[in-house]
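Below you'll find the structure, written out as structure tokens, and then a few comments.
The values are calculated or read from the model by the stated rules, or taken from the named source; none is laboratory data. What you see is a predicted model, and the numbers here were worked out from it, not measured in a lab. Note that each Cβ is placed from the backbone with ideal geometry, even for glycine, and that neighbours are counted across all protein chains shown. Ligands, DNA and RNA are excluded from the accessible area calculation, which covers all protein heavy atoms including side chains. Shrake-Rupley method; radii C 1.70, N 1.55, O 1.52, S 1.80 Å.
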Amino acid sequence: MAEVKIEELLDEVTVRMPSGARLRERGRRRTARRRTALALAAVVALGGAAVVATAAGGDGDRGRDVRPAATPSTNPFLVEGMVRLLPPERMPGHARWRWQGDEEETTENLPLPAVGEATSCPKSYARRTAPDQIQYGTDYYSDRGATARQRVTKYDKGAVAADEVALLNEALTECGLRRHGHGPDAYWSGRTADASWLRVSVERWGRWVSVVEVEAEEGSGTGPGS
């Protein structure tokens, strides 16, 4: 080994420094240990993520407080694990009605097939034993004589959600509405019992159902084609 005297710092104490070859060998061993540690940390992190995903589940029941599992959900009503409630600018007819309000949860827990107001579609408000559900919703208003509402409802099973949508479709027909279009762009619209105009779109994904409604007062000038 080479000998180096550090007189000013160690007062004539001789310090033996390793050779350049040995320093390089130590560096290679240190690099190998670091790579091994990083690889083990990555494995542990992935294992932990899998445990969190299993424990948390895909949907959750706390609405906006829900956090996503490790695998992204394809549920269209959840965005990054949070229940999606449409902001006013994404509600139907915003260009005309200029919806006001925010997407905070404000709607009462209103089981399907109730639709519109109790005076516009009274039969849909008939008393019934509704299945267990968790519902999130929001209401908007316009200074031009219209209101908008979204309800996102989660049921225990997809079959229950399908039955509730079937009942809702019957209620929409009884309310005087007519179906327009097919697929995800389909909607119902028409004049109701109290002569208001009502537009409703319904979307289901598994055990989740979204109902978006726009109702305008009589004399607003809105027609079925709006």
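Suppose the filter is free of Cβ contacts under 8 Å to residues at least 60 places away in the same chain and of a type in the set (A, V, I, L, M, F, W, C); does Ala114 pass it? Yes; evaluated as a whole, the condition is true for this residue. Here Gly93 meets each of (1) at pLDDT 50 or above; (2) within 27 Å of Asp163 (Cβ to Cβ) with one exception, condition (2). If only residues of the stretch 66-84 that are among the β-branched types (Val, Ile, Thr), outside any strand (DSSP E or B) and out of contact with any helix residue (DSSP H, G or I) (no Cβ under 8 Å at 6 or more places or on another chain) are counted, the one that is modelled with the highest pLDDT is Thr74. For the stretch 96-109, check the following and say yes or no: at least one residue is open to solvent by 40 Å² or more (accessible area, probe 1.4 Å), closer than 19 Å to Glu217 by Cα and in a helix (DSSP H, G or I). Within the stretch 96-109, one or more residues are open to solvent by 40 Å² or more (accessible area, probe 1.4 Å), closer than 19 Å to Glu217 by Cα and in a helix (DSSP H, G or I).
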